[in-house]
1. Could you name the lysines in cross-link range of residue 500, using Cα to Cα under 25 Å and dropping any fewer than eight places away on the same chain?
2. Counting Lys +1, Arg +1, Asp -1, Glu -1, what net charge surrounds residue 575 among other residues with beta carbon under 12 Å of its beta carbon?
3. Just to be sure I understand the model, the point goes 7 Å from the Cα along the line to the Cβ. What's the resulting residue 395 to residue 333 distance in nm?
4. Between rounded, prolate and oblate, where does the stretch 367-411 land on the alpha carbon gyration tensor, with a ≥ b ≥ c its root eigenvalues, rounded for a/c under 1.5, else prolate if a/b exceeds b/c?
5. Based on the Cβ-Cβ distance of residue 609 and residue 533, what FRET efficiency does E = 1/(1 + (r/R0)^6) give at R0 = 35 Å, to the nearest 0.05?
6. Taking semi-axes √(5λ) of the Cα gyration tensor in Å as the quantity of interest, determine which of (1) 33, 30, 26; (2) 73, 32, 16; (3) 69, 32, 23 was computed from the displayed structure.
7. Let's see if you can work this out: charge +1 on each Lys and Arg Cβ, -1 on each Asp and Glu Cβ, no other charges. What is the dipole magnitude of the stretch 6-610 about its Cα centre, in debye to the nearest 20?
8. Based on other C-beta atoms within 10 Å, arrange 524, 369, 243 from fewest to most.
Amino acid sequence: MSRSLSPIDVSRGAPLLALNIASAHAQLASQLATLPPIVVTAARSPQPLSELIADVTVIGPEEIARAGAQSLTELLARQPGVEIVMNGGRGSVSGIFLRGANSNHTLVLVDGLRMSSSTVGTTTLEAIPLDQIERIEILRGPASSLYGADALGGVIQVFTRGGGEQLAANASVGYGGYRTRNISGGVSGGYGPWWFALQAGHRQSDGFNAIGNPANFSYNPDRDGYDDNSASGSVAFRFAPDHELSAQFLRSRLNAQFDAGPGFDDRTITTVESYAVLSRDRLAAFWMSKLQAAESSDNSDSQTGFGASRFKTRQRQYAWQNDFTLPRGRLSLAAERREERVDSTVAFPVTGRSTNAFVGVYQLHEGPHALQANLRRDESSQFGGRSSGALAYGYAIATGLRASASYGTAFKAPTFNDLYFPGFSNPNLRPESARNAELALRYARGETVAAVVAYRNRVRDLIVFQCDASFNCAPQNVANATLQGVTLELQQRFAQTELKASADLQRPTDDATGKLLPRRSRRHAALAIMQMFGPWRVGAEVLTASARFDDAANTRRMGGYAIANLLAEYALVPSWTLFARIDNAFDKRYELAADYNSARASVFAGVRYQR
């Protein structure tokens, strides 16, 4: 089965229809900027980060550029509540555990569009280059009441680069360890009622041997590198005040090597694409309407010593959202439709399904009180109807200090592999479900942002692959899990010093056995310190995690680890910056997946232009 992460998931599932329509031109700064960022993922409509009740992290364009990360997965690993897994180096199959949930329990959106595989049930994170990304929003906690299926652990929304009124250009080139080379460039701007943006990039690496254990059946002592070409663009026409028509696209083709057995150069060529047309119109002073039609695809072609395979998902997505400003509060109503089609070398008896959905979101901010209520109904041609909801309340105790509480439900639908893969499927599977409660205390004032969030998420009817005494194997709804924990977060600026830290104390466990879910730790943390010295900016990062287990029985232990990264920048002139980064500076050996190598100490350096 294409792109399998082996025991990375307790279950697999398929996404249902959801579109989060947001302006492609929103320009966000970091959370410590003078003006607070505007967030759209938490309520499907713009709202200041300072007013949020939900647990959200915003990664702005400046932070993405200065982080020096070479992959989306590595950047996400430094965020609160996030653990990652990689089957080798950059370009290899990657996954996200958000608050301890399975990797296919996190819904990933790109410019509001789903680009996941309907067969595997996850998004090809390794095929989304950072060069194409302007900002990222991470919504932690179940969010099916906003976006439908798959958001049991939360939502990660990626926004590609957009245009502005002023002509701007960017370029970057770098070279580093494992003969890694990256080059990218783009231009954006506006002329009269027209806005546009275009970005292109190439990244390539010789990589290193993915599997380090010679006893592993798939061991092959060769280098497993990757080659990726990507492009994105958008154009918008404002034909009247508050009336805009826009179109955008993203395309990335990743050719990545991996180990499936000795004596063959195994590789998977993954192509992800999205195309969308959006109309934004203010129909009245209190009424903004957004209408979108889009298509996305995930095409995976694998070539191994055992033969070739192809898995392609195409999703057509339509949405009409209306945002109303009421005398008291704000109401958003949306209707959506998603049509999934699967084409593969495997003969699935069913190759398509469609989902219609209706969602309502009400927000109220009045004095010290804040309220958000979500309600959604999904009707699937495959598994029938599902309703989900959420209610959150916040109270401003003092200036900058807010306490909040929330409760929400979520669900995840079975994937086409779960339901129809010949000889290893179960067409009678039910959707997985979750009920989450959380309490939070947040402080944001001046140069300080701090938060404590406690949550308990009970997941039911988890889909687990089982075999009977006759070795007849199929997925079953037989497991339950409890994901509970506390997330601590701090951001602080002292003159020329910036500090960002987070720690997660969690217990993602199987209810029947009390064992940790595979590849998840009880404790993980991240710390980053940056210091300015005139034109210089230097910093260090530390990422840590306690011991994990590669199997559900907790017999195959992977030790804890702590890795340190160092980075530096030098501003040559206002538009030109030299940068260098040392990853895993102390050459730590560690595993994110049993038997798989992780990158050793390596240097990456280059020059960046931004005007």
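1. Leaving aside lysines fewer than 8 places away in the same chain, those within reach of residue 500 are 588.
2. +2
3. 3.3 nm
4. On the way: a/c = 6.20, a/b = 4.05, b/c = 1.53.
Prolate is the answer for the stretch 367-411, as a/c is 1.5 or above and a/b outweighs b/c.
5. Values: r = 22 Å, r/R0 = 0.63.
Result of the calculation: an efficiency of 0.95.
6. (1)
7. 860 debye
8. Values: 524 25, 369 11, 243 15.
Placing the least packed residue first, the sequence is 369, 243, 524.
Each reported figure results from applying straightforward, stated rules to the coordinates on display, with no laboratory input. This one's a predicted model, so the numbers in the text were calculated from it and none came from an experiment. All Cβ positions, glycine included, derive from the backbone under ideal geometry; neighbour counts span all protein chains shown.
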